[in-house]
Every structure is written in structure tokens, then in C-alpha cells.
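Report on the structure given below.
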Amino acid sequence: TMTNAFGCDVAIYQTSFNPAVATGAVNFAIEKVTDGINVHSGLETMWQGVKQVNVRGGYHYMRSNVTWLDQANKFLDTAATKDFHIYALDFEQANNIITSEFCRDARRLIDYWRSKTNKRVILYTNMNHYNQLRTAIQDDVWLNNVPLWLANPNNTPGVTALPAGRTSW
């Protein structure tokens with residue numbers, strides 16, 4: 001039986017985050033830390049609420065117009081100032097050009113973070129972009145070994161199917 005954890009992506013869409021006033025349990029909060037090589041403007045404000053949650057993560061929004069290594073290092077340097085348990089790579093199309101090379105750069109970035117930190121590194125994406133990664137990377141073993149946080153904003157919470165070829169989150 002799969003147990004669902006409920007949490008939130010804390011980013012530019014909120015002006016603050018206070019888990020004490022949530023309508024239900026907040027099992028985790030994952031905060032936007034960097035975007036390309038820029039630090040998220042709400043990092044410090046959002047951290048005040050995120051640090052109150054038992055499972056805390058920081059995520060990086062990957063950009064196609066900046067080298068993966070510059071992005072990886074900017075995120076690591078910035079995230080190291082907070083007590084995050086999880087580091088997540090946000091792989092999306094908005095303001096990006098998704099090419100095979102961009103997909104391979106996502107793998108390079110994840111592998112780099114894994115080599116540089118003892119944090120759990122996960123992939124944050126949606127079903128469509130996951131499938132684009134799978135096609136470009138052509139290594140299901142590697143991809144299946146990256147824990148997955150699947151964005152599913154238009155569906156009922158807790159009702160999410162695994163992507164094809166995937167055996168676990």
C-alpha cells in the first residue's frame with residue numbers, strides 16, 4: 001500500500017508560508033532556492049515557515065540558457081546556508097528549450113549533487129517532462145534510481161500514476 005505525504009512547493013506564488021495555519025497536515029515543504037544562477041528573492045521569508053516543517057527541501061529551477069555546472073554550484077552554495085534534508089532539481093519547460101542536451105545536463109547536475117553532498121537528491125517534474133527525460137537519457141536504471149516528486153497540479157491530491165517504466169517514487 002502506498003502512503004501519501006502531503007506537502008507543498010513554496011515559491012513565487014506565495015508571499016509567506018506558515019504551516020501552523022494550513023488546512024491539513026504539512027508533512028514536507030520544499031522551497032525554491034535558485035533559478036538558473038539567481039537566488040530566489042523570497043528565500044529568507046519562506047524559510048521562516050519551511051524551517052518549522054519536519055521534512056524540508058530546497059529546489060533549483062533548471063535553465064537551458066546557463067551551464068549546468070554554474071547552476072549546480074550556485075544552488076549548492078546557497079542551499080548550504082539552510083537546514084534542508086532534500087535537494088530537488090525542478091525540470092520544466094517554462095522559459096526553457098528542452099533539447100536532448102538539456103535533458104543530459106539534468107542528469108549531469110543530479111549526479112554532481114549526489115557526488116558533492118550527503119543530501120537526498122530528487123527529480124521534480126511532470127509526467128510529460130519525465131517522458132522527455134526518459135527518451136533523451138535512455139537509461140531507465142539510472143532514472144529509476146532518482147527519487148521522483150511528480151507535479152500533478154490539475155488532479156486530485158493523492159491520485160497520481162507512476163510514469164511508464166517506473167516502479168517506485
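The values are calculated or read from the model by the stated rules, or taken from the named source; none is laboratory data. Not measured: the values here are computed from a predicted model. All Cβ positions, glycine included, derive from the backbone under ideal geometry; neighbour counts span all protein chains shown. Areas reflect the complete protein model, heavy atoms only, side chains present, ligands, DNA and RNA absent. Shrake-Rupley method; radii C 1.70, N 1.55, O 1.52, S 1.80 Å.
Being of a type outside the set (Ser, Thr, Tyr) and within 15 Å of the chain's Cα centre (by Cα) is the filter; apply it to segment 51-67 and report the residue that is farthest from residue 104 (Cα to Cα).
So, considering only residues that are of a type outside the set (Ser, Thr, Tyr) and within 15 Å of the chain's Cα centre (by Cα), the one farthest from residue 104 (Cα to Cα) is 55.
For every residue, the table says whether it meets (1) farther than 20 Å from residue 32 by Cα; (2) of a type in the set (A, V, I, L, M); (3) modelled with pLDDT of 95 or more.
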| position | (1), (2), (3) |
| --- | --- |
| 78 | no, no, yes |
| 96 | no, no, no |
| 105 | no, no, yes |
| 112 | no, no, yes |
| 121 | no, yes, yes |
| 141 | yes, yes, no |
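Go through segment 96-111 and count every residue that is open to solvent by 20 Å² or more (accessible area, probe 1.4 Å) and either touching a strand residue (DSSP E or B) at 6+ places or on another chain (Cβ under 7 Å) or in a helix (DSSP H, G or I) (or both).
Of the residues in segment 96-111, 7 are open to solvent by 20 Å² or more (accessible area, probe 1.4 Å) and either touching a strand residue (DSSP E or B) at 6+ places or on another chain (Cβ under 7 Å) or in a helix (DSSP H, G or I) (or both).
Tell me which of these residue 83 doesn't satisfy, since it passes every other one: (1) in contact with a strand residue (DSSP E or B) (Cβ under 8 Å, 6 or more places away or on another chain); (2) free of Cβ contacts under 8 Å to residues at least 60 places away in the same chain; (3) surrounded by 13 or more Cβ atoms within 10 Å (Cβ to Cβ).
With respect to (1) in contact with a strand residue (DSSP E or B) (Cβ under 8 Å, 6 or more places away or on another chain); (2) free of Cβ contacts under 8 Å to residues at least 60 places away in the same chain; (3) surrounded by 13 or more Cβ atoms within 10 Å (Cβ to Cβ), residue 83 is out only on (3).
In segment 36-73, what residues are under 18 Å from residue 92 (Cβ atoms) and assigned to a helix (DSSP H, G or I)?
Listed by number, the residues that qualify are 68, 71, 72.
The rows are residues; the columns are (1) open to solvent by less than 80 Å² (accessible area, probe 1.4 Å); (2) over 18 Å from the mean Cα position of the chain (by Cα); (3) touching a residue at least 24 places away in the same chain (Cβ under 8 Å).
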site: 8; (1), (2), (3): yes, no, no
site: 14; (1), (2), (3): yes, no, yes
site: 20; (1), (2), (3): no, yes, yes
site: 23; (1), (2), (3): no, yes, no
site: 28; (1), (2), (3): yes, no, yes
site: 31; (1), (2), (3): yes, no, yes
site: 35; (1), (2), (3): yes, no, yes
site: 40; (1), (2), (3): yes, no, yes
